[in-house]
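Scroll down for the structure; my scribbles are underneath it.
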Amino acid sequence: MRFGMLFAGAWSVSAWMYAVMQKWMPSNRILRLARQRTALKWGLLVSLAGALVYTALYGVAITGAQNGVEILYVPALLFFISGVKFVVFGPISLVLLLRRRADENRLVTDFLAQQTSESRAKGQSVQETTRPDRHALLESIRA
């Protein structure tokens with residue numbers, strides 16, 4: 001019975017810590033913003049800048065901890081974890097961006113194919129879609 005209560009308490013504390021970290025930790029907030037469609041194109045730059053900043057902070061914290069202030073190992077661990085998250089986010093952001101662009105292109109292609117088939121079914125002449133028209137469709141999807 002004690003183990004169950006201990007497990008439930010640890011579970012609720014870890015859930016609370018996760019929620020706090022997702023909401024208030026600067027690296028998580030930046031990464032959450034960078035995952036949005038409009039910011040995906042900045043993913044590699046965000047990844048590089050975040051990794052550099054957190055590597056510098058990690059170095060400062062470790063230097064301070066080695067000089068006798070051992071409590072600095074805790075922020076050093078947090079800085080290290082945040083830096084790794086930024087390094088891992090770079091390739092992930094590229095994959096997300098490429099997938100999103102492929103989905104948008106597929107959507108435009110399907111839309112144009114549907115328009116063409118409807119025009120043919122009505123007996124109307126089919127117009128060739130120009131590159132600027134396709135680009136305008138893509139921009140209207142992204143907006």
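Structure above, values below:
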item	result
Positions within the stretch 22-47 being outside any loop (DSSP other than H, G, I, E, B) and out of contact with any helix residue (DSSP H, G or I) (no Cβ under 7 Å at 6 or more places or on another chain), in sequence order	Lys23, Trp24, Pro26, Arg29, Arg32, Thr38, Leu45
Every residue from the stretch 119-143 that is touching a helix residue (DSSP H, G or I) at 6+ places or on another chain (Cβ under 8 Å) and small (Gly, Ala, Ser)	Ser125
Unmet criterion (only one of (1) touching a residue at least 24 places away in the same chain (Cβ under 8 Å); (2) loosely packed, with under 15 Cβ neighbours inside 10 Å; (3) not charged (D, E, K, R)) for Trp24	(1)
Positions within the stretch 56-103 being among the hydroxyl-bearing types (Ser, Thr, Tyr), crowded, with 17+ Cβ neighbours inside 10 Å and free of Cβ contacts under 8 Å to residues at least 40 places away in the same chain, in sequence order	Tyr58
Complete set of residues in the stretch 48-73 that are of a type outside the set (A, V, I, L, M) and either outside any helix (DSSP H, G or I) or closer than 22 Å to Pro91 by Cβ (or both)	Gly50, Tyr54, Thr55, Tyr58, Asn67, Gly68
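Readers should treat all values here as calculations from the given coordinates under stated rules, not as data from a laboratory. Worth saying up front: this structure is predicted, and the values here are computed from it rather than measured. Counting neighbours? That spans all protein chains shown, and the Cβs are built from the backbone with ideal geometry, glycine included.
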